[in-house]
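Q: Questions regarding the structure given below will be posed in turn.
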């Protein structure tokens, strides 16, 4: 049963306000309409596309800036950042991220998202990965959205900052990594 346009647009606005990172594809499924219908509804309601919503939310949710590398060098879109504490990024797995034979994401893209987030969370002009321990939990497919969450765990005996990064597709963990980060300014144990 189709929802009338006015009602659908009202619910569309509510859904996007509640979950600003929802894709047009997910919205189309939710409302049982085409992606084009969702795009037209968004245009009529003056709701920007996903990328612009991410940038807007990120701009208002965190006012700290990445110091350790240029923002354009971060793999994925950073949507939350508290330097030396936590960070979150989103990476939509597109055609360029997958093996053409089976549409499974290449592991180096998941690693790059996690590693660049571990670098970005460091409150220093220079941050480099000294070591990492990684575990890929399951395959990630084209069309899936990977949300990486980084948490600074503390400092190792060697003076390296330990950053834990876990990546999820929806609520399922797909990647986990512990990164030991060198920084140019010494950080004493907590």
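A short reminder: the numbers here are calculations on the coordinates, not readings from a lab. It should be emphasised that the depicted structure is a prediction, and the values quoted were computed from it without experimental measurement. All Cβ positions, glycine included, derive from the backbone under ideal geometry; neighbour counts span all protein chains shown.
Q: Give me the number: length gained by fully extending residue 185 to residue 2, i.e. 0.36 nm times residue separation minus the C-alpha to C-alpha distance, one decimal in nm.
A: Details: separation 183, 0.36 × 183 = 65.88 nm, distance 5.95 nm.
The residue 185-residue 2 span can extend by a further 59.9 nm.
Q: Residues of region 152-183 with amide nitrogen under 17 Å from the 7 Å Cα-to-Cβ point of residue 133?
A: Under cut-off, by backbone N: 152-167, 175-182.
Q: Go ahead and estimate [θ] at 222 nm for the chain from helices alone: -39,500 (n - 2.57) per DSSP H run with n ≥ 4, summed, over the residue count, rounded to 500. Display every interim value, and only then the final one.
A: On the way: 5 runs with 58 residues, N = 190.
Only helices count here, giving -9500 deg cm²/dmol.
Q: How long is the gain from residue 157 to residue 67 if the chain were fully straight, where each residue apart is worth 0.36 nm and the alpha carbon distance is subtracted?
A: 30.0 nm is the gain from fully extending residue 157 to residue 67.
Q: Could you give the distance between the Cα centres of region 1-20 and region 69-143, to the whole Å?
A: Spelled out, the Cα-based centre of one part sits 32 Å from the other.
Q: Moving on to the next point. Which number comes out as Rg/Rh for region 103-146 once both Rg and the Kirkwood Rh are worked out on C-alpha atoms?
A: Working: Rg = 12.5 Å, Rh = 12.0 Å.
Expressed as Rg/Rh, it is 1.04.
Q: I would also like to ask the following. Can you give me the distance in nm between label points at residue 25 and residue 164, each placed 7 Å from the Cα along the Cα-to-Cβ direction?
A: Reported label-point gap for residue 25 and residue 164 is 3.1 nm.
Q: Using only Cα atoms, what is the ratio of the radius of gyration of region 1-123 to 2.2 N^0.38 Å? Walk me through the intermediate numbers first.
A: Values: Rg = 17.1 Å, N = 123, 2.2 N^0.38 = 13.7 Å.
Normalised by 2.2 N^0.38 Å, the Cα Rg of region 1-123 equals 1.25.
Q: Moving to a separate point now. Using Cα springs under 10 Å in a Gaussian network model of the chain, which residue among 85, 137, 158 shows the largest mean-square fluctuation?
A: Residue with maximal mean-square fluctuation among 85, 137, 158: 158.
Q: What FRET efficiency do you get for residue 49 and residue 80 if R0 is 25 Å and r is their Cβ-Cβ distance, rounded to the nearest 0.05? Spell out each step's value before the answer.
A: Values: r = 20 Å, r/R0 = 0.80.
Efficiency computed from Cβ-Cβ geometry: 0.80.
Q: May I pose another question? Under 37 °C and 0.692 mPa s, how fast does region 105-183 diffuse according to Stokes-Einstein, given a Kirkwood radius computed over C-alpha pairs? Answer in µm²/s, whole number.
A: On the way: Rh = 12.7 Å.
For the chosen part, D equals 258 µm²/s.
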